[in-house]
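Asks: There's a structure below that I have some questions on.
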Amino acid sequence: MMQERRGFTLIEVLMASMIFALAMSGMAPLILMGLKAGRQAHDLNKSSEVMNLVADRVTTGRANDLVYPGPADQPPNVMATPVGGPVCYWLASLDPRVPPAPDGCIEVGNNALISREDVSDRYMVAWTIQRETVLAGDSNLDRVEVQVGWRSSDRRVHSIETTFRVQR
């Protein structure tokens, strides 16, 4: 009398393994796309937080007559409004992934307005301050533009920016 064997044959195991491998190879791009989308969302969220942080600190600092000097008091105030034309400041970073600063920006290190403790080295942070010229000539408003940039894993440069007005 033959005893009935339980279990799987080697052929059945090989076929199941091949089907599983094919299914996983089809899902791998979807998983990678999901990871990439998650990283992009994270970068966009962090850069938006940094942009809002700078905007809030400029607005609050101006409202309370605060002075935010640069490192070693150079420049004496990173929120000061120049008399003629715009002035752009850029938070320096040693990370090689950081996108280049906008043309004409003055490189400043950690300062009272924003420092690398507030934002990761991966992000480029620049802000431009100038007297408002669009409104009436005797306006006591300044225009502030904040730009935050970063490089994605595929080395493409992304950035977001905002413009707001603040009283002098």
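The values are calculated or read from the model by the stated rules, or taken from the named source; none is laboratory data. Remember, predicted model here, so these are calculated numbers, not experimental data. Cβ: placed from backbone, ideal geometry, glycine included. Neighbour counts: every protein chain shown.
Asks: Has segment 40-60 got any residue that is of a type outside the set (Asp, Glu), touching a Gly at 6+ places or on another chain (Cβ under 8 Å) and either at pLDDT 85 or above or under 25 Å from TYR123 (Cβ atoms) (or both)?
Replies: Yes, segment 40-60 has at least one match.
Asks: Quick one: which of THR128, THR163 is without any contact (Cβ under 8 Å) to a residue 60 or more places away in the chain, surrounded by 19 or more Cβ atoms within 10 Å (Cβ to Cβ) and in a strand (DSSP E or B)?
Replies: THR128
Asks: Within the bounds of segment 51-66, is there any residue that is not in a helix (DSSP H, G or I) and not acidic (Asp, Glu)?
Replies: yes
Asks: Restricting to segment 1-51, and then to whatever is without any contact (Cβ under 8 Å) to a residue 60 or more places away in the chain and among the polar types (S, T, N, Q), can you tell me which residue is surrounded by the fewest Cβ atoms within 10 Å (Cβ to Cβ)?
Replies: My answer is GLN3.
Asks: A follow-up question, please. Let me confirm something: among LEU66, LEU22, which residue is over 30 Å from VAL157 (Cα atoms), in contact with a helix residue (DSSP H, G or I) (Cβ under 8 Å, 6 or more places away or on another chain) and not acidic (Asp, Glu)?
Replies: After applying the criteria, what remains is LEU66.
Asks: Same structure, new question: What is the residue count in segment 83-103 for residues that are surrounded by 12 or more Cβ atoms within 10 Å (Cβ to Cβ) and of a type outside the set (Asp, Glu)?
Replies: The qualifying residues number 13.
Asks: Check segment 138-146 and report whether any residue there is assigned to a loop (DSSP other than H, G, I, E, B) and either buried (at least 16 other Cβ atoms within 10 Å of the Cβ) or among the small types (Gly, Ala, Ser) (or both).
Replies: The answer is yes; a qualifying residue exists.
Asks: Residue by residue through segment 55-88, note down the ones that are on the phi > 0 side of the Ramachandran plot and not small (Gly, Ala, Ser).
Replies: ASP65, ASP73
Asks: Now, a different point. Return a yes/no flag: does segment 74-93 have any residue that is touching a His at 6+ places or on another chain (Cβ under 9 Å), closer than 19 Å to THR162 by Cβ and assigned to a loop (DSSP other than H, G, I, E, B).
Replies: Within segment 74-93 (the criterion being touching a His at 6+ places or on another chain (Cβ under 9 Å), closer than 19 Å to THR162 by Cβ and assigned to a loop (DSSP other than H, G, I, E, B)), the answer is no, since none of the residues qualifies.
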